[in-house]
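Okay, so here's the structure we're looking at.
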Amino acid sequence: QIMKRVQTSLSAKHQRKIAKLVERARHMGLIPHLGQWNVEDHGNVKDASIFQDKDWEKRLLERGLVNRKSPIWEEKQQKA
């Protein structure tokens with residue numbers, strides 16, 4: 001959602017420019033329209049199964065895009 005002019009403290013002229021640019025970016029698909037944000041729900045975080053890797057996590061680990069530095073994961077690897 002485009003912020004109001006009072007919140008941005010822009011002049012009317014600049015606010016119209018910003019609104020036009022945001023709309024262009026939305027039509028080009030660079031930024032989503034309101035309500036298109038995806039929310040990931042991974043369930044109860046206190047559940048023991050939270051330490052089991054999801055398939056998307058496994059793919060990130062295989063690619064080397066995630067480094068686990070927490071001692072919790074080291075304990076998990078030692079138990080396995």
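The values are calculated or read from the model by the stated rules, or taken from the named source; none is laboratory data. Every value quoted in this text rests on a predicted model; they were computed, and no experiment measured them. Note that we place each Cβ from the backbone using ideal geometry, even for glycine, and neighbour counts take in every protein chain shown. SASA here: full protein model, heavy atoms, side chains in, ligands and nucleic acids out. Shrake-Rupley method; radii C 1.70, N 1.55, O 1.52, S 1.80 Å.
Within region 15-50, the set of residues being open to solvent by 100 Å² or more (accessible area, probe 1.4 Å), in a helix (DSSP H, G or I) and either at pLDDT below 85 or farther than 14 Å from M3 by Cβ (or both) comprises K20, R24, H27, M28. Residues in region 51-64 that are closer than 22 Å to E75 by Cβ, without any contact (Cβ under 8 Å) to a residue 24 or more places away in the chain, assigned to a helix (DSSP H, G or I) and open to solvent by less than 100 Å² (accessible area, probe 1.4 Å): E57, L60, L61.
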